[in-house]
Every structure is written in structure tokens, then in C-alpha cells.
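Okay, structure first, notes after.
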Amino acid sequence: MRLMSRVVLMAVVAVVLAACASVPPEPTLYQRLGGREAIKGLVDDFVANVAADPRVNSRFKGLQPAAIAKLQTNLSDQICDATGGPCAYLGKEMKAAHAGMKIVDAEWNATVEDLVKSLNKFKVGAKEQQELLAILGTMKKDIVGR
């Protein structure tokens, strides 16, 4: 009887392990956003939104095309990296990048609204939007008031 119990227990464990092994992992946020090209398109649209937004665009006036391209590349790499993609963000740390800028909450909020506008335009799902905004939200303390 004891041998039979062990055999049944081992069979149940084997079935459970097999079931767990066959469940595919959930795609990363990077994958659910559509990968590198989709993130680049999203960032390009976001930067255009910010440039058109009178609440924050004064911070970007006078930037040369090369500086705008660098900003877009850094933002794309940062989002790619933060969402589990194969990119490496090589830009400055957020505290250093925003040192002396004295960004206020209203500017942060406007920028987030500009990003959400792009996310909606690209039909990014609510779950993915929440996850991305949560990731980026952790940077607020290093950006606002610096």
C-alpha cells in the first residue's frame, strides 16, 4: 500500500511539473509593445507631442536636429531596456540629465499626458500603458525639482 501511494504521488508530481513546463512564459512588456521599431515610432510621436505642447515645449526650443535625434534614441533605448528588450540605455542618469532644470510637477504631468496621447494613438493596451507608466514613474524623483 505504501509503495502504491508513492507511485501515485510521483505520478501526480510528474503531471504537475509537465503542466508547468508546457505553459509558455508571458511575453515581456517590450514584446507586447511591439519591439524596437514600435517603441521608436511611439517615441518619435511622443517627442512631436512634447514639441507641440506649450506647457513644456520651451524646454526643447532651440535644440538642433542632432540633439533631437539623440534624445529620441536615448528615450527609445531607455524604454526598450526598461521593458525587457535587448537594448542598453547608455545615456546619463536621470539626476544628472535633469540637474539644474528645476522641472515642476505640472511639467511632469504634461509630459506624461503627451506620452499617453502617443500610447493611445498607437493603440497600446491599458495593461501595457499602466506597466510602462509605472516603470517611468519611478524616475520622477530623479527628474522633478532637479
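The values are calculated or read from the model by the stated rules, or taken from the named source; none is laboratory data. What you see is a predicted model; the values in this text were computed from it and never measured. Backbone-built Cβ (ideal geometry, glycine too); neighbour counts: all protein chains shown.
What to note about this one:
- Which listed residue, of ARG59, ARG32, ARG2, ARG36, is modelled with pLDDT under 95, of a type outside the set (Phe, Trp, Tyr), farther than 17 Å from LYS117 by Cα and surrounded by 10 or more Cβ atoms within 10 Å (Cβ to Cβ): ARG59
- Residue count for the stretch 34-61 satisfying the condition of being touching a residue at least 40 places away in the same chain (Cβ under 8 Å) and charged (D, E, K, R): 5.
- Counting residues in the stretch 13-24 that are modelled with pLDDT of 95 or more and over 21 Å from VAL144 (Cβ atoms) gives zero.
- Test: residue in the stretch 123-132 that is under 16 Å from ARG36 (Cβ atoms) and charged (D, E, K, R): yes
- Residue check for SER76: in a helix (DSSP H, G or I) and without any contact (Cβ under 8 Å) to a residue 40 or more places away in the chain: no
- Restricting the stretch 66-121 to residues that are touching a Lys or Arg at 6+ places or on another chain (Cβ under 9 Å) and among the hydroxyl-bearing types (Ser, Thr, Tyr), the residue that is surrounded by the most Cβ atoms within 10 Å (Cβ to Cβ): SER76
- Breaking point among (1) surrounded by fewer than 14 Cβ atoms within 10 Å (Cβ to Cβ); (2) over 14 Å from the mean Cα position of the chain (by Cα), for GLN130: (2)
- Exclusive hit being among the acidic types (Asp, Glu), under 15 Å from LEU42 (Cβ atoms) and at pLDDT 95 or above, set ASP53, ASP105, ASP77: ASP77
- Scanning the stretch 84-105 finds no residues that are part of a helix (DSSP H, G or I), without any contact (Cβ under 8 Å) to a residue 60 or more places away in the chain and within 19 Å of GLU37 (Cα to Cα).
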